[in-house]
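Reviewing the structure listed below.
Here, each number is a calculation from the coordinates, and none is a lab measurement. Quick caveat, the model's predicted, so the values are computed rather than measured. Neighbour counts run over all protein chains shown; Cβ positions are idealised from the backbone, glycine included.
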Amino acid sequence: MIPQSNPLAGYQERQAELDAALLQVMQSGWYILGREVEEFEREFAEFTDRRQGVGTASGTDAIELALRACGVGAGDLVFTVSHTAVATVVGIERSGAEVAVVDIDPETYTMSPTCLEETIEAAAQQGHRAAAIVPVHLYGHPADMPELLKIARKHQLVVVEDCAQAHGARLDGKLVGTWGDAAVFSFYPTKNLGAFGDGGLVATDDDAIAERARELRQYGWRERFISAETGMNTRLDEIQAALLRVRLRHLDNDNQRRRQIAGRYAAGLAESEVQLPSVRPGAEHVYHQFVVQTERREELREFLKSRGVGTALHYPCPVHQQPAYADRLFGCERLPVTEAIRPRILSLPMFPQLSDTEVATVVEAIQQWPRN
Ligand SMILES: *Cc1c(COP(=O)(O)O)cnc(C)c1O
């Protein structure tokens, strides 16, 4: 069986380095907010070309923390997409803000600037206080930041980029996470930079936002044991930071390998019935996922399973159609693209340790899928 993702292979590839880093933390006697977290924050901020990194316990927490640190909260409306991990919406609502959902561009699966403008106008007419946008660089493809930023500036909105699937992706040579006021990352094990448990980070160039985030992540403490405001407990721990430091050294190579695999898929499947992902000019995709489309998605999924090829759905159901959110997110009646792709998308196996032979097996299986 070729799995769709394989975090164990990621461990085995660098086992000696990772084991040594783990042991060093265990023997140090210091487990929360120490040297490893400080060094990782510095190294990751440098990797993503921002002045400051603030580690958190998860990507979801990083979204809540980033918005709160930017002054967004109760009474505010925050614009994001419904075609995303539910974590995006959970993080926004936990900040106290309400969520407006915006449709996506059918080529890149990311927030459509035209739809954003329309949803902002509809919200204004109904008396909402628009405060921020959270574009998601989904599957590793950058959102249209130049256009989204123009709209955000025009309406004076805070911009928090959800980079959970796009560590190292670029648009016009500029890294994702450097366009907005702040950016959030997740280190969930299957992400391009994955921990061995949960983890996340807020990146920013604004020292005041970073300082506020550091206070809020630890009970709102400005000085130890004295809460200046109501905070959270969302610290990245020393073990995860130490393991992430090892993996960060290989991230560029891992992303390069993902691009290589995507190139092989694209070449092998060019003549097939499935619709391949597109890359907009100027975008450097990091292929967190390789998502194809077909009208006969369930048939293809079953066929690949019978050939020993694992697949996944990212995601089986947009957020606005899930029971907890049904009919209550602003803008949920204007999402034609989001709803149209739902039954068509399929994620093929994608992780750096996938071998060329395995990639060829996946390609052959799809080539042999009987045509309609
Ligand atoms: C993974 C992910 C997050 C954060 O998830 P956590 O599991 O809380 O780290 C947020 N947004 C997107 C788009 C994600 O894929």
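May I ask for the longest run of the chain untouched by chymotrypsin sites (Phe, Trp or Tyr not before Pro) that are loop-located per DSSP and have at most 15 neighbouring C-beta atoms (other than their own) within 10 Å?
On the way: sites that count: TRP30, TYR31, PHE225.
Answer - 32-224.
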Notebook entry, point to check: According to the square roots a ≥ b ≥ c of the eigenvalues of the Cα gyration tensor, what is the shape class of the stretch 267-329, taking rounded for a/c under 1.5, prolate for a/b larger than b/c otherwise, and oblate for the remainder?
Noted result: oblate
Margin query: Between the stretch 157-211 and the stretch 61-111, what is the separation of their alpha carbon centroids in Å?
Written below: 14
Next item on the list: Send over the Kirkwood Rh of the stretch 1-47, from the inverse of the averaged 1/r over different Cα pairs, rounded to one decimal Å.
Entry: 12.9
Next item on the list: Obtain the radius of gyration and the Kirkwood radius of the stretch 1-86 from its C-alpha atoms and give Rg over Rh.
Entry: 1.06
Notebook entry, point to check: So in the chain, what percent of DSSP beta bridges are antiparallel if you round to the nearest 5?
Noted result: 60
Note to self: If the elastic network links every pair of Cα atoms under 10 Å, which of GLY310, GLY197, GLY71 fluctuates the most in the Gaussian network model of the chain?
What the structure shows: GLY197
Next item on the list: Go through the stretch 226-333 and name the GluC sites (Glu not before Pro) that are in a DSSP coil and have 13 or fewer other Cβ atoms within 10 Å of their Cβ.
Entry: GLU229, GLU271, GLU295, GLU333
Next item on the list: Starting from the stretch 222-307, pick out the trypsin sites (Lys or Arg not before Pro) whose DSSP state is loop and whose Cβ has at most 10 other Cβ atoms within 10 Å.
Entry: ARG224
Notebook entry, point to check: Can you list the lysines whose alpha carbon is less than 24 Å from that of LYS305, not counting same-chain residues fewer than 8 positions off?
Noted result: LYS191
Next item on the list: Sorted from largest down, give the three principal axis spans of the alpha carbons of the stretch 244-372, whole angstrom values.
Entry: 45, 45, 29
Next item on the list: Please list, in chain and number order, the residues 5+ apart from SER58 or on another chain whose amide H is under 5 Å from its amide H, with Hs placed from the backbone.
Entry: GLY200
Item checked: Qualifying trypsin sites (Lys or Arg not before Pro) in the stretch 48-86, DSSP loop, other Cβ atoms within 10 Å at most 11 -> none
Next item on the list: Can you check what the net charge comes to around LEU77, using other residues whose Cβ is under 12 Å from the Cβ of LEU77 (Lys, Arg +1; Asp, Glu -1)?
Entry: -2
Checklist line | Per-selection Kirkwood Rh - the chain (Cα, Å, 1 d.p.) | finding: 21.1
